[in-house]
Amino acid sequence: MKIMVTGGAGFIGSNFVHYVYENHPDVQIVVLDKLTYAGNKANIADILGDRVQLVVGDICDAPLVDKLASQVDAIVHYAAESHNDNSLQDPSPFLHSNVVGTYTLLEAARKYDLRFHHVSTDEVYGDLPLREDLPGHGEGVGEKFTTESRYNPSSPYSSTKAASDMLVHGWTRSFKVRATISNCSNNYGPYQHIEKFIPRQITNILSGIQPKLYGTGKNVRDWIHTSDHSAAVWTILTKGQIGETYLIGADGEQDNKTVLEMILRLMGKDPSDYEQVKDRPGHDLRYAIDSTKLRTELGWAPQYTDFESGLKHTIDWYANNEAWWQAEKAAVEAKYAKQGQ
Ligand code: NAD
Ligand code: TDX
């Protein structure tokens, strides 16, 4: 089997490429990645060779996508503009990559009758009320997202991801593209860009900068280790039912303040040594995934069930790989400073 992995030089995509390389030696991989600010050839440099090729290009480049699609059996589609804060500054690249890019890939999948897996996010469902505001502290029905939840995106990022999911639905039904969709919760782990919450705070502390918490930090994210996400995507690609959507999550709900305090403590700092900064406009309150369908129908289960130990490994990785992030740190922080964050 030969697969095209779009966005395979980004955080989650490169983790998936490593996962397949290590666990499925019969699979050939061609990574199509534009190497935007978020893509980094170094993420997969150690495995480039006979089995893993990198093609630097845009998923909106139809002739290039057509040529590559004619040589593979499946497309696993990760490439996207992925950061909410950036989408609030300039939505246009989000429309280009997330919507036009997905359309371009679907057309190629249709032409060559390829298996297509679309990697999406829980953010397409909008947000949930905080548990403290729910009767019985949210232990009842409706406390988590399921595949029945209504699409209700909040930001330019999540609305373009929602649009891309809808394109997959349309192409599956009308053109019989053999597609599946997964909507995953917040990933953490090595190789995540330092603009994102967890790596930003770890690298702040390593750089002697005070960590930055948006608003009060009561917003809840449902954290999953990126390796568990990779295993889930492989399971869906190989065992999932065509036309189905699977939600991926590891029951990892934590509020941002708790996560930040945990990072500070694990790094030997005073847990209250952070700064509260301007909140994100339209900031989603809580995400939570019900992954029962994936677990019971396809037999997937997460391996990283202890968030604190996963976080400890992630802190160690950033501490041991300063060369990977150091050059970008000042520019990332300057951009946030301009936004009052
Ligand atoms: P990332 O920003 O780290 O990486 C995105 C990659 O896509 C980069 O390598 C970039 O160069 C590439 N890319 C962007 N636009 C492209 C284009 N037009 N053509 C070719 N390549 C392009 O993102 P990530 O956090 O690894 O997310 C990957 C996917 O997973 C996205 O689709 C995202 O919506 C989804 N997702 C992310 C999370 C999360 O917590 N980060 C959770 C659920 C779903
Ligand atoms: O400095 C910060 N301080 C802070 O409090 C940053 C960068 C973020 N935050 C908050 C905002 C969020 O509530 O932390 C939370 C996590 O923020 P991000 O890392 O930006 O992630 P989020 O907006 O939740 O989206 C992520 O998960 C879903 C990914 O970036 C998306 O690509 C994915 O779809």
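Here is a yes/no grid of residues against (1) more than 22 Å from LEU237 (Cβ to Cβ); (2) surrounded by fewer than 20 Cβ atoms within 10 Å (Cβ to Cβ):
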| site | (1), (2) |
| --- | --- |
| LYS161 | no, no |
| TRP171 | no, no |
| PHE175 | no, yes |
| ARG178 | no, yes |
| ASN183 | no, no |
| ASN186 | no, no |
| HIS193 | yes, yes |
| LYS196 | yes, yes |
| GLN201 | yes, no |
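List every residue pair whose Cβ atoms lie under 7 Å apart, where the two residues are 6 or more positions apart in sequence or sit on different chains, the first residue falls within region 102-130 and is in a helix (DSSP H, G or I), and the second residue, located anywhere, is more than 16 Å from ligand 1 (Cβ to nearest atom) and of a type in the set (A, V, I, L, M).
Close Cβ pairs satisfying both conditions: LEU106/VAL177; ALA109/VAL177; ARG110/VAL177.
Please give the number of the condition ALA323 fails out of (1) more than 16 Å from ligand 2 (Cβ to nearest atom); (2) part of a loop (DSSP other than H, G, I, E, B).
All conditions pass for ALA323, except number (2).
Given the residues ILE198, ILE194, which is the only one that is within 11 Å of ligand 2 (Cβ to nearest atom), within 28 Å of VAL20 (Cα to Cα), part of a loop (DSSP other than H, G, I, E, B) and not small (Gly, Ala, Ser)?
The conditions single out ILE194.
Are there any pairs with C-beta distances below 9 angstrom linking a residue in region 247-258 that is on the phi > 0 side of the Ramachandran plot to a residue that is hydroxyl-bearing (Ser, Thr, Tyr), with the two at least 6 apart or on different chains, and if so which?
Matching pairs, first to second residue: ASP251/SER291; ASP251/THR305.
Listed here are the residues, each with its yes/no results for (1) small (Gly, Ala, Ser); (2) within 12 Å of ligand 1 (Cβ to nearest atom); (3) over 16 Å from ILE181 (Cβ atoms).
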position: ALA69; (1), (2), (3): yes, no, yes
position: VAL72; (1), (2), (3): no, no, yes
position: ASP90; (1), (2), (3): no, no, yes
position: VAL99; (1), (2), (3): no, yes, no
position: VAL119; (1), (2), (3): no, yes, no
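Looking at ASN186, ASN152 in this structure, which one is within 20 Å of the chain's Cα centre (by Cα), more than 12 Å from ligand 1 (Cβ to nearest atom) and within 18 Å of LEU88 (Cβ to Cβ)?
None of the others qualify; the one that does is ASN152.
So, in region 73-121, exactly how many residues are over 21 Å from HIS193 (Cβ atoms) and in contact with an Asp or Glu (Cβ under 6 Å, 6 or more places away or on another chain)?
Qualifying residue count for the region: 1.
I need the full set of residues from region 222-234 which are surrounded by 22 or more Cβ atoms within 10 Å (Cβ to Cβ) and not acidic (Asp, Glu), in order please.
Listed by number, the residues that qualify are TRP223, ILE224, HIS225, THR226, HIS229, SER230, ALA232, VAL233.
We did not get these values from a lab; they are worked out from the coordinates using the rules stated. Everything numeric in this text was worked out from a predicted model, so none of it was measured. Positions of Cβ are generated from backbone atoms using ideal geometry, with glycine treated the same way; all protein chains shown enter the neighbour counts.
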